[in-house]
1. Kindly establish whether TYR220 is in contact (Cβ under 8 Å) with a residue 40 or more places away in the chain, of a type in the set (Ser, Thr, Tyr) and closer than 17 Å to ARG286 by Cβ.
2. When you scan the stretch 130-161, how many residues do you find that are within 21 Å of the chain's Cα centre (by Cα) and either of a type in the set (Gly, Ala, Ser) or assigned to a helix (DSSP H, G or I) (or both)?
3. For residues that are farther than 13 Å from ALA288 by Cβ and of a type in the set (Lys, Arg), scanning just the stretch 588-632, find the one that is surrounded by the most Cβ atoms within 10 Å (Cβ to Cβ).
4. Does the stretch 543-550 contain at least one residue that is in contact with a helix residue (DSSP H, G or I) (Cβ under 6 Å, 6 or more places away or on another chain) and among the aromatic types (Phe, Trp, Tyr)?
5. Here are ASN129, ASN103: which of them is surrounded by fewer than 22 Cβ atoms within 10 Å (Cβ to Cβ), under 20 Å from ALA61 (Cα atoms), touching a strand residue (DSSP E or B) at 6+ places or on another chain (Cβ under 9 Å) and not assigned by TED's automatic domain parsing to the domain that holds PHE433?
6. Keeping to the stretch 522-560, report how many residues are within 28 Å of the chain's Cα centre (by Cα) and more than 17 Å from TYR578 (Cα to Cα).
7. Just name the residue that is nearest to the chain's Cα centre (by Cα) out of those in the stretch 50-70 that are among the small types (Gly, Ala, Ser) and in a loop (DSSP other than H, G, I, E, B).
8. Among the residues of the stretch 373-407 satisfying the criterion of being of a type in the set (D, E, K, R) and within 15 Å of ARG350 (Cα to Cα), which is farthest from the chain's Cα centre (by Cα)?
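The values are calculated or read from the model by the stated rules, or taken from the named source; none is laboratory data. Fair warning: this is a prediction, and the values are worked out from it, not measured in the lab. Don't worry about glycine lacking a Cβ; one is built from the backbone with ideal geometry, like all the others, and counts go over all protein chains shown.
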Amino acid sequence: MPSFAQKLPAIRAASIAVAVSSVLTSTTVFAQNTYTGAPVLSAGSIGENAMDATFTQLREAARANNASKAADLASQLSGYPLASYVEYYRIKPMLYNSDGTPNTNAPDTEIQQFLSTYAGDAIADRMRNDYALVLGARQDWRNFRTQYAQFIVKDDMQLKCYELMANAADGQNVLPAARALLTESKHANTKACQQLLSNLANSGKMSEEDINYFAALSAYGSSTQGQALASNSRDASGAARMASFISQANNDTTGGLAGSISAAASNLKPQQGALANAYYGYSAARRADSSASSFYNNAYQQYSGLKLPDDVLGWQARAGMRVNDWNLVASAIDKMSDTERSTSIWQYWRGRAYAASGNAPQAKAAYANAAKSFDFYGILADEELGQPVTLPPTAAAPTPTELREVAGIKGFERARKFQAMNMMLEYNREWNFPLRGMNDRQLLAVSEHAHKLGMLDRMINTSERTKTEFNFKQRYPTPYLSIMQNRAAEAGITPAWAYGITRQESRFVVSARSGANANGLMQIIPETARNVARRIGLSGFTLDQLYNTDTNIQLGTAYLGQIRDQFGGSLPLASAGYNAGPGRPAQWRRTLTGSVDGAVFAETIPFSETRSYVKNVLANTVYYQLMIDGRAPSLKELMGTVYP
């Protein structure tokens with residue numbers, strides 16, 4: 001059964017974690033959990049260096065594409081232990097113009113020499129990404145294909161569009177691939193993808209339906225690009241009006257354009273009017289407006305053959321579930337791409353839609369598909385099937401040989417150096433790159449290696465990659481157990497929920513600090529920390545205490561108890577409030593036209609980060625409770641019912 005990937009806020013870890021002793025008092029399953037101790041970061045083989053500050057300046061010069069400054073700083077770093085990165089940061093600014101666009105005059109010889117020297121390293125793959133963008137901008141398709149074929153990560157949307165441009169140059173029909181690739185407006189409006197769509201439209205290879213489809217997709221994020229594509233339509237005037245309405249829909253934050261959009265859509269050709277209605281429904285659903293479903297329904301009434309990208313269909317399903325329109329939910333899911341439709345989220349909701357229509361056998365089959373995942377929807381699907389939520393058997397511990405093999409991977413040492421320097425992008429890149437292609441035994445060994453190094457965040461994320469062998473003690477460690485139990489009890493909350501929040505917030509990095517200035521294990525912002533400290537009578541509190549484990553947990557659990565009480569005991573609302581601030585879930589709840597179950601509320605949260613956060617936290621809570629008490633609580637009961 002595949003594991004699930006969780007979305008984390010960006011964090012910055014300092015080089016030394018605060019070690020806090022933890023006394024194991026539980027007599028439950030935790031007594032056998034070897035991942036309960038306080039992690040202590042061990043020093044890496046690449047220690048502090050007098051040139052670290054200069055290296056940091058070089059990194060910033062490279063990020064600003066300041067080639068002359070980067071060259072000067074690189075010349076001062078002879079002998080620096082991260083030589084590959086010194087060279088990358090020196091060369092990289094030469095691949096881009098000052099506005100961030102690829103420099104078609106980039107130095108091929110130097111780039112190719114770098115790729116040869118550092119072949120197999122994560123930074124070489126990063127350089128290949130940069131170089132492929134240059135080759136794509138040149139439309140040098142022969143060399144582009146050569147480099148792109150060797151690019152391992154393949155996570156750059158612009159390169160995927162350049163690949164389609166290269167295929168189109170060979171005479172291939174790439175329209176179906178473009179439709180499958182560009183599922184969101186933000187994707188369609190990257191520079192290379194704009195060029196792909198413009199080329200296809202200008203070549204005359206797009207049908208009228210294609211032009212309207214892509215003009216609508218582009219217009220939602222870029223009025224200029226939407227209008228440019230619309231100009232290729234035989235009904236350029238109508239297509240332009242459609243694109244204009246869709247651009248306005250994206251900017252309508254109050255619903256004030258609802259009436260005018262509906263009237264205008266009725267005066268357009270069927271597909272154009274339907275797209276205008278659907279994208280207005282998309283905009284409305286994304287601001288938790290319960291009228292969204294009516295716009296989607298109007299769209300299909302105007303044009304029954306309407307095709308929409310996966311992201312717009314996802315919000316159609318959310319709009320339907322919010323008002324119990326299960327036909328609209330089913331229609332959305334059935335129109336999704338095979339890849340999107342097969343995910344646990346949409347298999348679960350298709351099961352709900354089948355159940356609402358009285359089709360129990362099909363509902364059971366959909367739930368069974370969703371239950372293959374260890375995520376929020378896998379748990380809910382298990383409950384719908386009447387199956388207990390259980391942990392898979394724990395895999396055999398890595399052997400000494402397996403541990404020695406992974407401990408020698410140089411990328412892990414570079415990752416530790418970057419972690420110590422608070423360079424989290426590079427930290428994640430260097431740790432994750434060697435994991436690609438590893439089998440489950442190797443991944444479990446890497447996870448154990450991370451545990452021995454005191455890097456619980458890497459242990460969790462690596463262990464979550466396994467497919468057939470599992471160690472949930474790695475995935476759900478319990479450091480600071482006695483502290484968490486005691487402080488949770490003081491706050492009147494369960495340790496399982498407190499652990500679920502902490503795992504999602506910091507992955508147990510004691511000195512984590514987010515871009516929003518949230519600090520420590522439970523990621524508490526200074527204002528909240530001061531307020532909670534006053535409320536609970538924590539005298540003499542200073543902000544540096546947020547990096548003290550006990551104090552951070554004391555404040556975090558107290559705040560959780562406070563917002564849980566504020567929301568009448570609702571864990572979904574309180575979890576959303578912990579992430580987005582308590583004002584947000586209160587606002588979203590007020591937009592409801594009637595009561596909804598907690599899963600519907602969670603899935604229709606407008607903020608993608610908070611939506612994922614709530615689902616992950618509650619799934620975490622179930623697994624932690626299962627490990628603590630040996631039995632899982634009902635996730636449906638934890639989610640409860642949310643009232644307007």
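1. Working: in contact (Cβ under 8 Å) with a residue 40 or more places away in the chain: yes; of a type in the set (Ser, Thr, Tyr): yes; closer than 17 Å to ARG286 by Cβ: yes.
It is true that TYR220 is in contact (Cβ under 8 Å) with a residue 40 or more places away in the chain, of a type in the set (Ser, Thr, Tyr) and closer than 17 Å to ARG286 by Cβ.
2. Step one: filter the stretch 130-161 for residues within 21 Å of the chain's Cα centre (by Cα), giving 152-160.
Within this subset, residues satisfying the condition of being either of a type in the set (Gly, Ala, Ser) or assigned to a helix (DSSP H, G or I) (or both) are 157-160.
Number satisfying all stated conditions: 4.
3. Among those residues, the one meeting the criterion is LYS615.
4. From the stretch 543-550, those in contact with a helix residue (DSSP H, G or I) (Cβ under 6 Å, 6 or more places away or on another chain) are 543, 545-546, 550; that's our starting set.
Filter once more, keeping what is among the aromatic types (Phe, Trp, Tyr): none.
No.
5. Details: ASN129 fails: touching a strand residue (DSSP E or B) at 6+ places or on another chain (Cβ under 9 Å).
Result of the check over ASN129, ASN103: ASN103.
6. 2
7. Filtering the stretch 50-70 down to residues among the small types (Gly, Ala, Ser) leaves 50, 53, 61-62, 64, 67-68, 70.
Now restrict to residues that are in a loop (DSSP other than H, G, I, E, B): 50, 64.
Details: ALA50: 36, ALA64: 25 Å.
Within the stretch 50-70, the match that is nearest to the chain's Cα centre (by Cα) is ALA64.
8. Our first condition is that a residue be of a type in the set (D, E, K, R); within the stretch 373-407, this holds for 375, 382-384, 402, 404-405.
Subsequent filtering for residues that are within 15 Å of ARG350 (Cα to Cα) retains 382, 384.
Values: ASP382: 24, GLU384: 27 Å.
Checking each candidate, the answer is GLU384.
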